[in-house]
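Here the structure comes first, spelled out in structure tokens, and everything after it is commentary.
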């Protein structure tokens, strides 16, 4: 019974971060199914838990997401629609912000999955390098290198997108 109480506490504390992690990677209905699988696996492996549970749960979630994506090849998450409001100048500013975010999401989506994962574990999941390395299944040093390279590749992709947009805009001005 003590084991069940420990697991129940683990679920109550970490269910929302794990669910958010899953929702960023899967459609909501699949994220809900994946959530059940993550905590079923966690229950089965609670005796192996050492240290902070969140990176351990993210590791389980990572493998679950991989399985879901393999099983539903071609399934893509829809981008969230952004809505602007207010006066015309704030509306234009909001439009630019939306375009910038969409460009960033496209550039992120075009990265190699390992690069994308490194960036998301740090930026969206809020993990430190050591915990993110644990989730990714590598050493802290290897993860640091992966993260550095991923950041450079994202910057390059964003610069290329920006250059292409500026060139297209200049072409439209000349006409």
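Odds and ends about this structure:
- Taken over the stretch 101-119, the criterion of being out of contact with any helix residue (DSSP H, G or I) (no Cβ under 8 Å at 6 or more places or on another chain) and either surrounded by 18 or more Cβ atoms within 10 Å (Cβ to Cβ) or without any contact (Cβ under 8 Å) to a residue 12 or more places away in the chain (or both) is satisfied by 113 alone.
- Residue list for the stretch 14-45, filter: closer than 11 Å to residue 57 by Cβ and either surrounded by 12 or more Cβ atoms within 10 Å (Cβ to Cβ) or outside the structural domain of residue 61 (by TED's automatic domain parsing) (or both): 14, 15, 17, 18, 19, 21, 22, 35, 38, 39, 41, 42
- Screening 146, 151, 116 for residues that are within 15 Å of the chain's Cα centre (by Cα) and over 24 Å from residue 16 (Cβ atoms) leaves exactly one candidate, 151.
- Residue within the stretch 96-107 that is farther than 24 Å from residue 155 by Cα, at pLDDT 70 or above and either part of a helix (DSSP H, G or I) or outside the structural domain of residue 154 (by TED's automatic domain parsing) (or both) present: no
- Criterion: modelled with pLDDT under 85, touching a helix residue (DSSP H, G or I) at 6+ places or on another chain (Cβ under 6 Å) and not assigned by TED's automatic domain parsing to the domain that holds residue 54 - qualifying residue of 153, 134, 161: 161
- Here residue 121 qualifies as modelled with pLDDT of 85 or more, closer than 15 Å to residue 149 by Cβ and not assigned by TED's automatic domain parsing to the domain that holds residue 41.
- Positions within the stretch 50-68 being outside any helix (DSSP H, G or I) and in contact (Cβ under 8 Å) with a residue 24 or more places away in the chain, in sequence order: 52
The values are calculated or read from the model by the stated rules, or taken from the named source; none is laboratory data. Keep in mind that what you see is a predicted model, and the values were worked out from it rather than measured. We place every Cβ from the backbone using ideal geometry, glycine too, and count neighbours over all the protein chains shown.
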